[in-house]
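The values are calculated or read from the model by the stated rules, or taken from the named source; none is laboratory data. The shown structure was predicted, so the numbers you read here are calculated from the model rather than taken from an experiment. Cβ: placed from backbone, ideal geometry, glycine included. Neighbour counts: every protein chain shown. All accessible areas refer to the heavy atoms of the entire protein, side chains included, with ligands and DNA or RNA removed. Shrake-Rupley method; radii C 1.70, N 1.55, O 1.52, S 1.80 Å.
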Amino acid sequence: MFFPYPEQYRLAMPPIITALMVCWSLLGHAIFGDTSQFALVILLLLFPLVLGLHLYLIWDAGGLKRLDQAFYAFVHGTLAFVVWTFCIMHLAGNSFA
């Protein structure tokens, strides 16, 4: 039995991907430098993945759990958007100036 608690892993995937966004922006800036298109494209794909996972969690839940999942998606989606924006700014470096 590899995953003893599959429900917890499903619920934890959006915050894990958000943490991966932060790690990717820090490593991508350190490795590739400013204005790396490769690192930026990967980062631009991660936020829609977070939103898609939240939509899947809302769709898969039943009854009142959908309201819980929708609230979880709203709170985490808003925070993930802020984190994603700062990750893009960090990864782009001086290219905005």
message = Can you give me the distance in nm between label points at V22 and I42, each placed 7 Å from the Cα along the Cα-to-Cβ direction?
response = 1.8 nm
key: Whole-number accessible area per residue in Å² for the chain, which is evaluated in the context of all protein chains at 1.4 Å   = 68 Å²
message = Considering only protein heavy atoms and a probe of 1.4 Å, how much of the accessible area of the chain is carbon and sulfur, as a whole percent?
response = 78 percent
task = Would you mind putting 58-67, 43-52 in packing order, based on average other-beta-carbon counts within 10 Å, highest first?
result = 43-52, 58-67
query = Rounded to the nearest 500 deg cm²/dmol, what is the calculated helix-only ellipticity per residue at 222 nm for the chain, with -39500 (n - 2.57) per DSSP H run of length n ≥ 4?
reply = -29000 deg cm²/dmol
message = Let me cross-check I42: its accessible surface, 1.4 Å probe, with only protein heavy atoms counted, in Å² to the nearest 10?
response = 60 Å²
